[in-house]
Amino acid sequence: MHRSLLGKIVKRHFSMTAELLSKQSSKSAEHHKRRIFSGIQPTGHLHAGNYFGAIRKWKELQDQGEDIILSVVDLHAITMKHEPKELLKNNLACTASLLASGICPEKSVLFLQSSVSRHSELCWVLCCMTTMARLGHLPQFKEKSALCGKEIPLGIFLYPVLQTADILLYKATHVPVGEDQLPHIYLVQELAKNFNSRYGKTFPRIEAMVEKSQSGRLRSLRNPEKKMSKSDPDPKSRINLLDEPKVILEKCKKAITDFTSKVTYDPENRRGVATLIDLVSLCTGKTPQQVCSENADVDTAKFKLRVADVLIEYLTPIRQEYDRIVKDPGYVQKVLDNGACRAHSIADKTWAEVRNKVGLNLA
Ligand code: AQP
């Protein structure tokens, strides 16, 4: 082959390889930079909605080696009236439930929000950058304030700003949320952008990781128009992660369905039955259609007993692991202390940068 042609081919080969390598390395750098933040409120017993809608996903991300920060957001839990002793108990129970569900303190940063005071400090800076009109339009504020009559706590109003501080403090790039949380993520994006343009580039672009499957919004077993919720006054409305088998059976039997006895999947028109099918599907990995065809031989009353069996089989190991973990509250406290230490080291850096940029630092 002609020497100069050979030279050209070799040169081209090397430049293509270099291009490929540089693309790969920038891809892996991008991957490395990705940081996930999420939180859970210690407002009561964790339920199947919290587990399938959030915790199971967090565990998957953690096991894929993602940089993930998880917070038990107790400052959010006091936005509504609460019992201090209950809250302390819930903080530990919530942490132990996360550990029992497979959250690993070596792989994920797991900490109590109130133990890192930078959340509240950054929240104040961000409060000064938003308006009452902007917060008043958020759908969750409208829903929650409607429950409070005339005495609307300011915390409910400011909650999304604290949520913004939670995320920005760690310079998170990705936030796993249910669809209902999207308006809050838009606020986070907006405040990050405003901060960057006012004070210089500080925060990265934030993306919502929205769960669009049936796990994104599990419905109440007693009122399928509402989502399953910790604070629902009816305990039969939810399956708790720590429910004993007989309690699960009782709750399944009492689940609201309708007057059609066949097991068919119609999430729009048969929401109660669809929720039971969703639960089986989420526990077994089968599609809702598979669940229906495997249960074509029974009516909804008998199907409820099968749902209970599946849930009991799925949740029992989590409950047993929880029982083992809570025998050692010192261990849970140690996990939180270590988590707080790791969270602090990131949060302090961001806060120092924010103070400097905003002009709060005299040093
Ligand atoms: N029903 C649900 N279906 C799917 N996902 C759900 N999540 C909550 N309920 C469902 C997800 O769980 C994570 C933690 O939620 P949270 O405790 O921070 O707040 P929440 O969404 O307000 O949960 P609850 O149970 O309804 O609490 P209360 O009653 O205190 O308000 C979130 O990722 C959420 O999407």
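Numerical summary
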item: Whole-percent carbon and sulfur share, accessible surface of segment 235-325, 1.4 Å; result: 53
item: Global geometry of the chain, whether rounded, prolate or oblate, following the gyration tensor of its Cα atoms and the 1.5 cut on a/c; result: oblate
item: Solvent-accessible heavy-atom area per residue, rounded to whole Å², over the chain at 1.4 Å; result: 53
item: Prolate/oblate/rounded call for segment 235-325, Cα gyration tensor, a/c under 1.5 rounded; result: prolate
item: Within the chain, helix-based [θ] at 222 nm, where runs of 4 or more DSSP H residues each add -39,500 (n - 2.57), nearest 500; result: -18500 deg cm²/dmol
item: Nearest 10 degrees, 0 to 90: helix 182-199 Cα axis against the chain principal axis; result: 20
item: Folded to 0 to 90 degrees: helix 3-33 orientation relative to the chain principal axis, Cα; result: 50
item: Among 346, 289, 360 - extreme Cα towards positive end, dipole of segment 265-363, charges at beta-carbon; result: 360
item: Computed over the chain: relative contact order in percent, which uses C-alpha pairs under 8 Å that are six or more apart; result: 20
item: Average Cα contact separation per residue, segment 235-325, under 8 Å, 6 or more apart, as relative contact order %; result: 36
item: Positive-end extreme of charge dipole, the chain - chosen from 72, 318, 138 (charges on Cβ); result: 138
item: Magnitude of the charge dipole, segment 235-325, Cβ model with Lys/Arg +1 and Asp/Glu -1, debye to 20; result: 240
item: Net +/- balance of residues flanking residue 248 in space, Cβ distance below 14 Å, scoring K and R +1, D and E -1; result: +4
item: Within the chain, percent of DSSP bridges classed antiparallel, to nearest 5; result: 10
item: Degrees separating the helix 300-326 axis from the principal Cα axis of the chain, which is the longest one; result: 60
item: About the Cα centre, charge dipole magnitude for the chain (Lys/Arg +1, Asp/Glu -1 at Cβ), debye; result: 1080
item: Residue with peak Gaussian network fluctuation, the chain [Cα springs, cutoff 10 Å], from 150, 302, 349; result: 150
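The values are calculated or read from the model by the stated rules, or taken from the named source; none is laboratory data. Source: prediction; values computed, not measured. Note that we place each Cβ from the backbone using ideal geometry, even for glycine, and neighbour counts take in every protein chain shown. Remember, those area values only see protein heavy atoms, side chains included, never the ligands or the DNA or RNA. Shrake-Rupley method; radii C 1.70, N 1.55, O 1.52, S 1.80 Å.
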